[in-house]
Each structure stands twice: as C-alpha cells, then as structure tokens.
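Report on the structure given below.
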Amino acid sequence: MKNLIKNFLIIIAIFLTISAVFTLLSGPLEETKEISLTQLAKEINQGSIKEVIVVGDNLSILYKDNSKAISRKEKDLALTQSLLNYGVPKEKILQVDIREKKEPEFGSWILQLLIVIPFIFFILFFWMIFRRAKTGAMEALNFTKARPRLFGVDTKKEKVTFDDVGNLKEAKEELKEVVEFLKTPKKFLKMGAKIPRGILLVGPPGTGKTLLARAVANEAKVPFFSISGSEFIELFVGVGAGRVRSLFNTAKKHQPSIVFIDELDAIGRIRGAGIGGGHDEREQTLNQILVELDGFEKDATCIVMAATNRPDILDPALLRPGRFDRRVILDLPDIEGREKILKIHCKNKPLASDVNLREVAERTPGFSGADLANVVNEAAILAARRNKDKIYQTEFLESIEKVLLGPERRSHILSKKEKEIAAYHEAGHALVSTMLPNTEPVRKISIIARGMAAGYTLKMPKEERKLKTKSEFLSEMAVLLGGYVAEDIKFKEITTGASSDLERASEIARKLVKEYGMSSLGPISFGKKEELIFLGKEISEQRNYSEQVALKIDQEVAKIIKGAEKRARLILTKHRRLLDKLATTLIKKETIEKEEFEKIVASGKRKSKNKKGRK
Ligand code: ADP
Ligand code: MG
Ligand code: ZN
C-alpha cells in the first residue's frame, strides 16, 4: 500500500517536472523586446503602433506589422496622460487602440505555483532516494549495532498502561516499585538502597510479559530499548556480542532507561551444552550480556528487564545475585483474571446486552491472556461477518471453540460410514464421562470436523484445580478409551481415529506409575528427564532403575490401561441403548448441546429403571 502511494507520487512528480520544463521553455521562446515609454511615445507619434493593452502597469504593444513588444507605464498615471506629457498629440493617441485588461492576479498565482510545485516534488524525490541509499549503506556496514526499538515514551499510538493489563496483581505491584524507582531514583539512593538491576519476567507464552514490560516503560516515562533474544543471533559470528555492547551503551547514555530483552531463552541457555564446542555464537553473546550486567556503575539508573517462558533452561550465571535476581512470575489467569482480561479487550467494542463475560471466563480455563484477546477478536469478526451491529453471546461462545480447536471444517465431508463411526466414537466418550464420578460435565458433542479432529466432545470444568487425584486420572483414562470401546462394541473393529486418545491415555498411565507414585510400585519417581538443550525438548531419559523394575513398570501401565478399558466397556454395554440413541441423534444433527445431551441421558436412565421395575 505504502509502496503504491510512493510510486504514484513519483509518477506525478515526473509529470509535473516535464510540464514545468515545458512552461519554462515555452515562455522565453517567443522573445518580446522591451521598449521604454519614451520609445513608445515616439513610435505612436510615427503611427506604427496598432494596439496597446494595459495590464496593471504592464503594457503589451502590437505593431501594425504584427510584431510585439512590452513596456511599463508610469505608476498611478493613466497611459494617455503620460503620453500627453511626453508630447504625443491627442489625435495620434486616438489612432491607437488602447485597452485595459484586469490583472490576472489569481491566474498568475496558480501559474507560479504550478511552476514551483514540480520543483518541490523533484527535490523531495531526490532527497528520498538519496536518504534511502544512505541508510541502506549504513545498515550494511553497521550490522553489529543493535537495532533497539524505542517505544513507550514518545510514540503516541498504542500507549500501554498498567490498566491495560488485567489480572497479574502481584506482578504489577512488583513492577510499580520499579517504576517509582525510575521516576525518583534519588529517594532510593539517599536511603542507600541498592537498585534492582535485572528483572526477569517468567510465565507461559501469551500471559502478557511483553505487554507488562511496555506498560512499565510507558508509566515510568523513560527511554525503553527493546530487543528480542533471537535478534542477537545472526549469520555473522560476533554480531550478537557487538549488538549487546551497543544496546547497553545506548541505554547507559540515556539514563534513566530500561533495557528489555524479550525471549531471553533464545540466548540465555545453559552454556557448554551446545553442539559444536564451547565457542559458539550464542555463548559469546551470553558472555557479553553477563559482562554488561556487571559493568553498571553503582548508581546507574538503568534497569534491565527480560522475559522468558523457560526459566528452567537459563544459564545459572544469569540468575546470580546482581544480575537477573528479581523474578516476577506471570501465571495463567484464573477465572477472575480471565473475566478482567476479557473486560479490557471488550472495552471499545459494541456488546449486546445478553453478553455474559463471566460465562465466557468460566468456559475458558487454561486460556492465556493472548488466547482471550483472540477470543474477543474472533467474536467481533464473527459478528461483523453476520452483519450484526453488536457482538452477542453466541459469537463469544463460538469463538471459544474456534480458538480451542481451530475453525470448523464443514467442507470436510465424512462418508456415511465415517460419520457413523465418528458418532459412535464421540457418543462413547460422552457417555462414559457422564456415568463416571470425578469427571467434568459434557458441554457439547459434535462430529463436524474441526482443526485436525474428525469430531469432538467438549467438557466443562466446574472449577480450576492445580492438584489432581488418582481417581480423577483413572476416570479421565476411561473417558479417553470410551471412543475406542464404543467403536469396538458397535463395529467389532477399531479405526485409526482413536490413536490420539490411546496415546494420551498411555501417557497418563505411564505418568501415574513413574512420576506420581500412584501404582502398586509405591511412591518412587522413576527415570530422570534430561533435555537435549539445543532442541529444548524432553528427549532423552536417564534410566535410574533396573531391568526388572522396567518390566514391572510396563506391566503396571498395562494393568491400569486395561482397567480403564474395562470400566468403559462395562458402562457402554450396560447403556448400549443410550449409546445407540446418542449416536443416531448425532448422525442426524451433527452436534448435541449440553441441554439436549442431558435430556437424552435422563430419559435413557428412566427407561432402564422402568425395565428393571417391571422385571
Ligand atoms: P508474552 O507473555 O508471550 O510476551 P504478550 O505480552 O505478547 O505475551 O501478550 C500478547 C497479547 O495478549 C497482548 O498484546 C494482549 O493483547 C494480550 N494479553 C496477554 N496478557 C494479558 C493481560 N494480562 N491483560 C490483558 N491483555 C493481555
Ligand atoms: Mg512476548
Ligand atoms: Zn476420541
């Protein structure tokens, strides 16, 4: 877009320049000689003048032989009067056609402008090209210089304040202290207080680390130099360290100031574990950061903030006192926090009166601030696409699912058989879930493909808990296997659709045995996880148990999974009719909402009771 405008301007500039050149050239082409008033008087006397046109004080003269000349008359004196004064007889003057024309004041103005404008364009154009060429060259040479973005201070758009950050009460309190220090450093220095040097914001992705850092910069009203960890890593060796040096130098020059290193884990990983020896680029960069952190004078009012979602993989040297020793933890928001964040993002949006953000918050456990912002945005988009003038609750609820599972893929058409299988599979999950204790109520079942899944069963967590019990895990596994078992009962065959369920169930079973001590093997933690540093994923496991124990673990895991399968099978065979009913409803309607699901289940239960009563 910007380019388009630029090109357009350039074309206009070229046109105008051409036209300007033409006017300039065409002006002096028909050269008119200038004569004095005395000369004019003489020539009128001789009778060689045909016509004189008076425009202001300018005279344009036409000879009888059709040649032209110009002259100027005396100011404030009529031309005839001056001619008389020059001694031209009256009758001679009368022979000449003297006409007066209005001064084309406005017209000449425009003309002049038309001539000047192209020049301005021309100069601007060259200046632009010149400047671009210059910065290009500079950039190519100065790649070691950090390119910190300065924001929060004098950028008018997007001012982030603490009020724009929902939830995160403790983190905000902690950072307000920092803001106060940056505003009035003397107060603290007088008390002999040591200045917080490094502040590490720790939290899962999307919890508002970057947002909070920007809020600090804005509230403190000091220069804020921000750079992302990945920007230090470049093609050329030594660039990273150079950038660190230049970044800190700039910040020190602008004290009081804030340096913000986003995604610190990109450079701050534990040293000596990278592949390719201890001299790799990242290590040099990290060393330089450590040097700079130590290199502040005692009363420097420069604060270094950094953000990461992997504090566990940071080099211990970074976390030493005097470096990033203050940690601010940003948690995923709880229900209150989610409601607050939703409110913040709904601030400038037209909401219908039926919107209940509390309900949206209830249905979004585990969502980060960024996810919630996304939900609100998706709802707004949905409302706009439906040509509504406000956002209603249905839009919010639909966008939750979209954010959670990816967009609906209605075009992904299942064959009749596939649909039947998917229906039984999902009905199996849902039915086992309602029949077991310690499970969350079913909110929606659907066999519309969404994201990668052919169908899905949504559950509604009643409350959030950080701790989970063994019986909850066992119920969860039975629910996961519900889909598998339902397929088996109905079709006597299993499809690939159950593979991710099985994977998840097996993972839980293995964790129960090896990590949580929830099996007959007792409260022992087996296996020590190790991270392959450069991939950042749990890849290898250090085996700290014998072969016999390994065998026992496998047996135990198998036992737990078989148990879960048995539970699911028991429920589904007992409620076979209900399973059929749910599946046929699903095939017909494709989605079953909470209310209808509960109705079907309740009627099914009643029927089976009646049957028992009659027997
Ligand atoms: P990260 O922790 O990954 O750096 P960001 O700060 O970039 O996350 O957050 C991304 C977006 O999510 C923000 O721009 C904001 O719109 C939204 N967001 C995240 N947390 C919050 C919060 N606590 N309050 C309000 N909005 C938030
Ligand atoms: Mg971020
Ligand atoms: Zn499934």
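Structure values in brief
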quantity	calculated
Which numbered condition residue 94 misses (of (1) within 18 Å of residue 35 (Cα to Cα); (2) out of contact with any Gly (no Cβ under 9 Å at 6 or more places or on another chain); (3) aliphatic (A, V, I, L, M))	(1)
Selected residue (only one of 175, 235 is at pLDDT below 80, of a type outside the set (Lys, Arg) and out of contact with any strand residue (DSSP E or B) (no Cβ under 6 Å at 6 or more places or on another chain))	235
Residues that are closer than 10 Å to residue 510 by Cα, among the charged types (D, E, K, R) and exposed (fewer than 14 other Cβ atoms within 10 Å of the Cβ), drawn from the stretch 549-573	554
Selection count, the stretch 265-280, where residues are open to solvent by 30 Å² or more (accessible area, probe 1.4 Å) and either outside the structural domain of residue 318 (by TED's automatic domain parsing) or at pLDDT below 75 (or both)	11
The stretch 195-211 residues that are part of a helix (DSSP H, G or I), paired with ones that are open to solvent by 30 Å² or more (accessible area, probe 1.4 Å) (beta carbon under 8 Å, 6 or more apart)	209/309; 211/164
Counted residues, the stretch 281-316 - those being at pLDDT below 80, surrounded by fewer than 17 Cβ atoms within 10 Å (Cβ to Cβ) and closer than 27 Å to residue 187 by Cβ	5
Criterion violated by residue 394 - all others in (1) within 16 Å of ligand 1 (Cβ to nearest atom); (2) of a type in the set (Ser, Thr, Tyr); (3) open to solvent by 40 Å² or more (accessible area, probe 1.4 Å) satisfied	(1)
Given (1) loosely packed, with under 14 Cβ neighbours inside 10 Å; (2) assigned to a loop (DSSP other than H, G, I, E, B), number of the condition residue 417 does not satisfy	(2)
Residue tally, condition free of Cβ contacts under 8 Å to residues at least 40 places away in the same chain, over 16 Å from residue 443 (Cα atoms) and either polar (S, T, N, Q) or not in a helix (DSSP H, G or I) (or both), over the stretch 575-594	0
Residues located in the stretch 211-232, provided they are at pLDDT 85 or above and in contact with a strand residue (DSSP E or B) (Cβ under 6 Å, 6 or more places away or on another chain)	213
Hey, residue 373 outside the structural domain of residue 194 (by TED's automatic domain parsing) and more than 16 Å from ligand 2 (Cβ to nearest atom) or not	no
Hey, residue 394 outside any helix (DSSP H, G or I) and closer than 30 Å to residue 584 by Cα or not	no
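The values are calculated or read from the model by the stated rules, or taken from the named source; none is laboratory data. Worth saying up front: this structure is predicted, and the values here are computed from it rather than measured. We place every Cβ from the backbone using ideal geometry, glycine too, and count neighbours over all the protein chains shown. Each accessible area value is taken on the protein alone, full model and side chains, heavy atoms only, with ligands, DNA and RNA left out. Shrake-Rupley method; radii C 1.70, N 1.55, O 1.52, S 1.80 Å.
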